[in-house]
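Quick notes on the structure that follows.
The values are calculated or read from the model by the stated rules, or taken from the named source; none is laboratory data. Keep in mind it's a predicted model, so treat the numbers as computed, not measured. For neighbour counting, all protein chains shown are included, and Cβ atoms are generated from backbone atoms with ideal geometry for every residue, glycine included.
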Amino acid sequence: MPTGYQITDQHSMYFLTFTVVDWVDIFSRKCYRDIIMESLRHCTLEKVLLIFGYVVMTNHLHLIARSDSGKLSDTIRDFKKFTAYKIIKAVQEQPESRREWLLHRFQWNAAQNQRNHHYQVWQQDNHAEEIISTPFFSQKLNYIHLNPVRAGWVEKAEDWLYSSAAYLNGMNEASFFKLHFVDED
């Protein structure tokens, strides 16, 4: 069901939120977070996704991104489809104490949605908000980076490993994302 937060301009920059169904804390495990990170890396290298900021939380992730190819919706669709597949496969094959419960939640959600056949990992919408100004960009980037601080996991945003905060503060030169920055002019 559409929420009104839709991608209307495939070339614009958007603040995006991808949420796991039922707010399941799947990303509390490193192996699932790593699937997200590797998939984002792939999207930047192969699908011309420009990432301006990101954070991976336990049950959702935030991005500020745009597509140089003008296919943002397609890239997001492919990202969510691929990561869902990889997450389900990891749940089935990796040591996982919550295996039965996770698969049940993902199966139940798929049964509620005609577009899914076996499992649904992600909520259908992306809560896309177009970035229309530098102050709005800054507000959303700060919101993204302060998520782990507000959750009480770290004291400083740059200490959260699954975020662009350290990279943007110059602390993580070897970050495997090539982040693109908004021109402040």
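Of note:
- Residue count for the range 138-171 satisfying the condition of being more than 17 Å from the chain's Cα centre (by Cα) and among the basic types (Lys, Arg): 2.
- The condition of being more than 23 Å from Tyr167 (Cβ to Cβ), touching a helix residue (DSSP H, G or I) at 6+ places or on another chain (Cβ under 9 Å), in contact (Cβ under 8 Å) with a residue 60 or more places away in the chain and surrounded by 15 or more Cβ atoms within 10 Å (Cβ to Cβ) holds for only one of Arg98, Arg105, Arg33, that being Arg105.
- Residue match in the range 170-185 (condition: more than 19 Å from Ser39 (Cα to Cα), outside any loop (DSSP other than H, G, I, E, B) and either modelled with pLDDT under 95 or in contact with a Ser or Thr (Cβ under 9 Å, 6 or more places away or on another chain) (or both)): no
- Of note, Phe82 satisfies the criterion of being farther than 22 Å from Gln139 by Cβ and either touching a residue at least 12 places away in the same chain (Cβ under 8 Å) or surrounded by 21 or more Cβ atoms within 10 Å (Cβ to Cβ) (or both).
- Residue that is surrounded by the fewest Cβ atoms within 10 Å (Cβ to Cβ) [pool: residues in the range 37-61 that are within 10 Å of the chain's Cα centre (by Cα) and under 19 Å from Arg98 (Cα atoms)]: Asn59
- All of Ala84, Ala90, Ala110 fail the test of being among the aliphatic types (A, V, I, L, M), over 26 Å from Thr44 (Cβ atoms) and in a helix (DSSP H, G or I), apart from Ala110.
- Every pair of residues 6+ apart whose Cβ atoms lie under 7 Å, when the first sits in the range 119-136 and is outside any strand (DSSP E or B) while the second is among the β-branched types (Val, Ile, Thr) and buried (at least 21 other Cβ atoms within 10 Å of the Cβ): Gln120/Val21; Val121/Val20; Val121/Val21; Val121/Ile87; Gln123/Val21; Asn126/Ile76; Ile131/Ile64
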